[in-house]
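Working notes, structure below.
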Amino acid sequence: MPSPPVSDPALARAGLPRPIVDVRGLRTHIVTRWGTVKAVDGVSFQVAEGETLGLVGESGSGKSLSLLSIPRLLPPGCAITGGAVRLNGQDLTAASDRELRALRGGEIGVIFQASPPPRRGTRRSRPWPTWACPTPSGGPAPSRMSCPAASASGP
């Protein structure tokens, strides 16, 4: 069971800004013919207005699926199986497809960036997402979470 979001009064008492993005206990699994892969297993973080969060990890550690889970832009076979994702207090895991379509491109979006080409081998470059959301007032997007470029040996 995910932790409830910290209340605005509690944040105000602590002198902390209200989170724009609040991810709690996120679980995203991939179903394959060999079984289920727990690609994202209990990820939690918050990003407040003016903050930047970078996700760093080894190849295949779940960075991209964590970010693609926020706007529910998951590839076939992937599903959010637990946790909560809130954008300005709205629970995106409980939102309908219609509600998400209304938010995408305005309140929330993904900007795909290509990874650097590998030094060796013939593996193709893959796009990695940069996820951004505008301020609650609709201004520019100061908060950004991104999957950093892959290691020099490729994604």
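Bear in mind these aren't lab numbers, they're just calculated from the coordinates by the rules spelled out. The model shown is predicted, which means the values in this text are computed figures rather than measured ones. Because the Cβ atoms are built from the backbone with ideal geometry, glycine has one as well, and the counts that use them run over all protein chains shown.
Below, the figures for the structure above:
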{"quantity": "Residue order, fewest to most beta carbons within 10 Å, for Glu107, Glu99", "calculated": "Glu99, Glu107"}
{"quantity": "Neighbour-count ranking [beta-carbon atoms within 10 angstrom, fewest first] of Arg101, Arg27", "calculated": "Arg101, Arg27"}
{"quantity": "Long-range amide H partners of Leu92 with built H, under 5 Å", "calculated": "Val85, Arg86, Leu87"}
{"quantity": "Exposure proxy ranking, count of Cβ atoms within 10 Å, fewest first, for Ile80, Ile70", "calculated": "Ile80, Ile70"}
